[in-house]
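The values are calculated or read from the model by the stated rules, or taken from the named source; none is laboratory data. Owing to the predicted nature of the structure, the values given are computational and were not obtained by experimental measurement. Glycine gets a Cβ as well: all are built from the backbone with ideal geometry, and neighbour counts include every protein chain shown. Protein only, heavy atoms only, side chains kept; ligands, DNA and RNA dropped before computing areas. Shrake-Rupley method; radii C 1.70, N 1.55, O 1.52, S 1.80 Å.
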Amino acid sequence: MSKLRLEDTDVAHKRVLLRVDFNVPLASGAVADDTRIRAALPTIRHILAAGGRAILISHLGRPKGRPDPGMSLRPCVPVLQELLGQAVAFAEDCVGPPATEAVAALKPGGVLLLENLRFHPEETANDTDFARRLAELGEIFVNDAFGTAHRAHASTEGVTHHLKPSAAGFLMTAEIEHLDRLLQSPEAPFVAILGGAKISGKIDVIANLLPRVDRILIGGGMAYTFLKAQGYGIGASLVEADRLDLAGELLKRAGGKIVLPADTVVTDRLDVPARTLGAVRTVPVEAIPGGWTGVDIGSASVQRFADLLEGARTVVWNGPMGVFEIAAAADGTFAMARLLAQLTAKGAFTVVGGGDSAAAVTSAGLADRMSHVSTGGGAALEFLEGKVLPGVAALSDA
Ligand code: AMP
């Protein structure tokens with residue numbers, strides 16, 4: 001990595017402004033999943049162990065640029081206290097007197113969490129003055145919020161113009177190194193597995209990966225647009241009519257690298273909000289009944305994909321193989337999670353790119369059996385598209 005790392009930065013006794021991603025789900029005013037808080041612990045502990053003062057900044061949700069008690073970061077305080085085993089101070093605002101007074105009261109080895117950055121519209125607008133006010137709180141900037149690195153916001157990009165050095169935290173560094181290895185030095189055979197709802201969000205990923213990979217295995221809702229482009233009847237399955245030509249063109253350009261499912265689980269009634277299906281059958285892709293909806297890849301597809309993954313040395317996976325939120329349509333997704341775990345055990349380099357596929361491997365209990373599970377959905381996708389992430393580009397060079 002060409003960017004300055006936390007371990008190469010002297011944080012001893014410094015006020016470290018640390019951008020974390022505490023965009024955690026809340027339920028009844030409490031943190032419902034502390035994964036993101038845990039992910040920042042190595043960086044926080046490193047700063048504290050060196051006698052630095054950690055001033056944590058983050059966003060949570062989309063509060064529309066004004067204070068919203070339902071999106072306060074305060075519920076993170078008890079969780080972080082418990083995980084660190086020490087007191088964590090909290091300031092009611094991320095700038096102004098509440099912030100400056102709390103920073104002044106912070107002792108070496110102390111931790112302070114500031115209130116939600118997005119209570120100010122200047123955060124997402126990347127306002128210069130707001131970025132400068134944030135920067136004045138610290139002597140060093142460390143960014144560990146990979147999940148927002150694809151956004152040029154005041155706390156990810158703007159702040160780096162006013163506070164140097166700006167270094168990558170441990171989580172940020174791990175994310176960049178793992179994702180970069182996929183694009184820069186993947187050991188062959190390299191197989192990509194793509195799923196999820198739509199092709200439209202993943203066109204640029206497919207285009208960037210095609211010349212680098214040996215195969216792209218496609219499942220999930222996006223598979224049906226490809227199948228339709230090949231002339232199959234897809235019943236009532238998800239289709240992006242305006243992407244049919246593009247799907248056909250990608251298939252042609254791929255010259256056999258893109259592999260589609262052999263069979264599909266179909267239902268006569270898909271109710272996503274109620275998480276229920278009507279009657280369910282598994283049919284070959286050439287026999288999808290009219291009016292029925294494809295909700296998962298079938299066992300013949302899992303076998304096809306397993307055969308093509310055999311011996312793979314590098315695998316990247318983004319997007320579920322079906323509507324995995326519904327148990328009866330989750331088999332294909334969990335089967336892929338197990339296949340990846342087996343490949344990792346055989347020495348393959350396996351990366352799960354954020355969002356729903358990360359949630360799937362976590363709920364399958366297999367997250368620690370992957371080489372890397374990205375914490376950033378959108379950021380990981382943009383990285384795989386080959387884009388430069390503004391939050392990364394803005395950091396000081398090594
Ligand atoms: P994405 O955010 O594009 O990765 O899409 C993830 C979503 O795709 C999940 O909520 C899945 O329920 C949904 N999905 C996967 N397969 C299908 C399908 N066959 N039909 C409709 N939605 C699907």
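What the table below lists for this structure:
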item	result
Residue tally, condition open to solvent by 40 Å² or more (accessible area, probe 1.4 Å) and either outside any helix (DSSP H, G or I) or at pLDDT below 95 (or both), over region 70-89	5
Top-ranked residue in region 283-299 [being in contact with an Asp or Glu (Cβ under 6 Å, 6 or more places away or on another chain) and more than 13 Å from residue 223 (Cα to Cα); ranked as most open to solvent (accessible area, probe 1.4 Å)]	284
Unique match (being β-branched (Val, Ile, Thr), in a strand (DSSP E or B) and within 16 Å of the ligand (Cβ to nearest atom)) among 302, 239, 283, 315	283
Any hit, region 334-354, residues being at pLDDT 95 or above and near the ligand (Cβ under 9 Å from one of its atoms)	no
Every residue from region 286-299 that is among the hydrophobic types (A, V, I, L, M, F, W, C) and either in contact with a strand residue (DSSP E or B) (Cβ under 8 Å, 6 or more places away or on another chain) or within 14 Å of the ligand (Cβ to nearest atom) (or both)	288, 292, 295, 297
Within region 243-261, considering residues that are among the charged types (D, E, K, R) and within 22 Å of residue 320 (Cα to Cα), the one farthest from the ligand (Cβ to nearest atom)	257
When residues of region 334-348 are limited to those that are in contact (Cβ under 8 Å) with a residue 12 or more places away in the chain and not in a helix (DSSP H, G or I), the one surrounded by the fewest Cβ atoms within 10 Å (Cβ to Cβ)	347
Residue satisfying all of: in region 11-48; free of Cβ contacts under 8 Å to residues at least 40 places away in the same chain and either of a type in the set (Val, Ile, Thr) or not in a strand (DSSP E or B) (or both); farthest from residue 185 (Cα to Cα) among these	28
Residue count, region 318-333 (criterion: near the ligand (Cβ under 9 Å from one of its atoms) and not in a helix (DSSP H, G or I))	9
Hits in region 6-47 - residues which are charged (D, E, K, R) and either open to solvent by less than 50 Å² (accessible area, probe 1.4 Å) or out of contact with any strand residue (DSSP E or B) (no Cβ under 7 Å at 6 or more places or on another chain) (or both)	7, 8, 10, 19, 21, 33, 34, 36, 38, 45
Residue match in region 244-265 (condition: assigned to a helix (DSSP H, G or I), open to solvent by less than 20 Å² (accessible area, probe 1.4 Å), more than 30 Å from residue 388 (Cβ to Cβ) and out of contact with any Cys (no Cβ under 7 Å at 6 or more places or on another chain))	no
Pairs, first farther than 15 Å from residue 332 by Cα and assigned by TED's automatic domain parsing to the domain that holds residue 216 in region 183-200, second within 16 Å of the ligand (Cβ to nearest atom) and in a loop (DSSP other than H, G, I, E, B), C-beta under 8 Å, six or more apart	198/221; 198/238; 198/240; 199/240; 200/240
Criterion violated by residue 50 - all others in (1) surrounded by fewer than 18 Cβ atoms within 10 Å (Cβ to Cβ); (2) within 23 Å of residue 116 (Cα to Cα) satisfied	(2)
Residue check, residue 62 open to solvent by 70 Å² or more (accessible area, probe 1.4 Å) and either modelled with pLDDT of 95 or more or outside the structural domain of residue 125 (by TED's automatic domain parsing) (or both)	yes
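Every residue, every condition in (1) over 20 Å from the mean Cα position of the chain (by Cα); (2) farther than 23 Å from residue 158 by Cα, yes or no:
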| position | (1), (2) |
| --- | --- |
| 1 | no, no |
| 37 | no, yes |
| 44 | yes, no |
| 97 | yes, no |
| 102 | yes, no |
| 120 | yes, no |
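The rows are residues; the columns are (1) open to solvent by 20 Å² or more (accessible area, probe 1.4 Å); (2) more than 15 Å from the ligand (Cβ to nearest atom).
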{"residue": "185", "(1), (2)": "yes, yes"}
{"residue": "189", "(1), (2)": "yes, yes"}
{"residue": "193", "(1), (2)": "no, no"}
{"residue": "196", "(1), (2)": "no, no"}
{"residue": "203", "(1), (2)": "yes, no"}
{"residue": "210", "(1), (2)": "no, yes"}
{"residue": "217", "(1), (2)": "no, no"}
{"residue": "222", "(1), (2)": "no, no"}
{"residue": "226", "(1), (2)": "no, no"}
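This table checks each residue for (1) aliphatic (A, V, I, L, M); (2) over 17 Å from the mean Cα position of the chain (by Cα); (3) assigned to a loop (DSSP other than H, G, I, E, B).
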residue	(1), (2), (3)
193	yes, no, no
207	yes, yes, no
216	yes, yes, no
220	no, yes, yes
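Table: residues versus (1) aliphatic (A, V, I, L, M); (2) part of a loop (DSSP other than H, G, I, E, B).
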residue	(1), (2)
101	no, no
112	yes, no
123	no, no
153	no, yes
160	no, no
181	no, no
